[in-house]
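Trainee: Encoded as structure tokens, here's the structure I'll be asking about.
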Amino acid sequence: RRWASSLPQLESVDRSDEESGGDIDWDNLGFGLTPTDYMYVMRCSVTEDGGAFTRGELSRYGNIELSPSSGVLNYGQSMTTLTDNDVLFLLTPFLTANLAARCVQGLFEGMKAYRRPDRGGYTLFRPEENARRMRHGAERMCMPAPSVDQFVHAVKQTVLANRRWVPPQGKGALYIRPLLIGSGPILGLAPAPEYTFLIYAAPVGNYFKEGLAPINLVVEDGVHRAMPGGTGGVKTITNYGPVRGLASSSDAMAAICRIAVPTRIVLKAQMDAKSKGFTDVLYLDAVHKRYLEEVSSCNVFVVKGDVIATPSTRGTILPGITRKSVIELASDRGYKVEERLVTVDDLISADEVFCTGTAVVVAPVATVTVGGQRYTFKTGPDTVSQELYTALTSIQMGHAEDSKGWTVAV
Ligand code: COI
């Protein structure tokens, strides 16, 4: 039975109650999942000649049926448990490319649609960038991907079908979650024969429970988000909850790689950090353990005077679209922006620290605790992060002229 035959059927797009999402408390949205009305689904069967995505369609939002042998369920997580083979990943680029391609059959994106203040309608922020990033990730994972036009068209359809869930101006955004998964059945270790591109959406407010208030991060020993030669720079479903470490590797192999970290789970690390009162974890690189990488769900920047530094994307860092936009906005404002290795010393001597991401937007960091020592940074109205937050969100929400052509009307 084909996977999509069990999709909830679309009767017609519900146009009632267009200006409101039912009983939602728009003032207390947070980043929880509020199910909306419709999702968009498009499939691609792979043949000997390759494969292309055909026309997609909206269907009622609901559970999906997957074959027990779908690629994403069987091999979607296998690369995340690092074993001696993974040490070979680090040492052998050939193996990295091949095994990663076969094992991780799931990519995702995150985007937001805002309600326009003036002439009605909705605004997307640089959706082609998300489409390109998914295509890049798909190439890395040997998956077919929708074209940029197909991707953007599907996002617009999803927004329009769920428009009553786009929060009122200033209350949040409709978060859009495109997924690309190996949905076809496969038993042996190989790419799946069918792929599904699916988009669902949910109204969201602030990502962190602190709201827009500054957050508190911790650097945990022995916890790393990504390995060189792995998929940290690609938005795979495996980058966010995996085991990262080499506990099962021989000491000799670990020594060769100069990596000897206990096996920990990133989600677990995040939960441990929260239970100790921190907002999230700031990860260091897995090899030298002295360069900043990312926070669990966002990129990181440090500010010293008028110099802003952020880790360069060397394969282990996600090339965030908010990151890229903030770099451009900061440079336009006369800051010297450096994409480079950023050390723990750079961090602890910084005036300001902030994070960027679609979900978190631009989040100021109040403190970072490293080796049990708590470092405090400037926050508040007269800060670089506040200036960049205002510059970015004014464009996203339609309060400032979009001279860069970043927004797309729906
Ligand atoms: C986003 O910021 O959109 C992301 O995809 C991060 C996710 C962990 C919420």
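Trainee: Got the relative contact order for region 302-343 handy, in percent, Cα pairs under 8 Å and 6 or more residues apart?
Mentor: Relative contact order comes out at 56 percent.
Trainee: Evaluate Rg over Rh across region 368-408, taking Cα atoms for both radii and Kirkwood's formula for Rh.
Mentor: Computed over Cα atoms, the ratio is 1.25.
Trainee: May I ask which residue of VAL300, SER312, GLY277 lies farthest towards the positive end of the charge dipole of region 269-315, with charges of +1 (Lys, Arg) and -1 (Asp, Glu) on Cβ and the Cα centre as origin?
Mentor: GLY277
Trainee: Let me ask something else. Tell me the relative contact order for region 141-216 as a rounded percent, counting alpha carbon contacts under 8 Å between residues six or more apart.
Mentor: Once divided by the residue count of region 141-216, the mean separation gives 31 percent.
Trainee: Output the peptides 147-154, 296-303, 369-376 sorted from most to least packed, where packing is the average of other Cβ atoms within 10 Å over each peptide's residues.
Mentor: Going from most to least packed, we get 296-303, 147-154, 369-376.
Trainee: Enumerate by residue number the trypsin sites (Lys or Arg not before Pro) in region 119-154 meeting two conditions: DSSP loop (anything except H, G, I, E, B), and at most 16 other Cβ atoms within 10 Å of the site's Cβ.
Mentor: Answer in residue order: ARG119.
Trainee: Among CYS44, CYS142, what is the fewest-to-most ranking by other Cβ atoms within 10 Å?
Mentor: CYS142, CYS44
Trainee: Which ordering of ASP351, ASP118 is given by a fewest-first count of other beta-carbon atoms within 10 Å?
Mentor: ASP118, ASP351
Trainee: Further, regarding this structure: If I stretch the segment between ARG374 and LEU212 completely, what's the gain in nm (0.36 nm per residue apart, minus their alpha carbon distance), one decimal?
Mentor: 56.2 nm
Trainee: Hey, with R₀ at 51 Å, roughly what FRET efficiency would ASP221 and ASP402 work out to, going by the Cβ-Cβ distance, to 0.05?
Mentor: Step by step, r from the Cβ atoms, then E = 0.70.
Read-outs throughout are calculated quantities, based only on the coordinates presented, and are distinct from any laboratory measurement. All of these numbers come straight from a predicted model, not from anything done at the bench. Glycine gets a Cβ as well: all are built from the backbone with ideal geometry, and neighbour counts include every protein chain shown.
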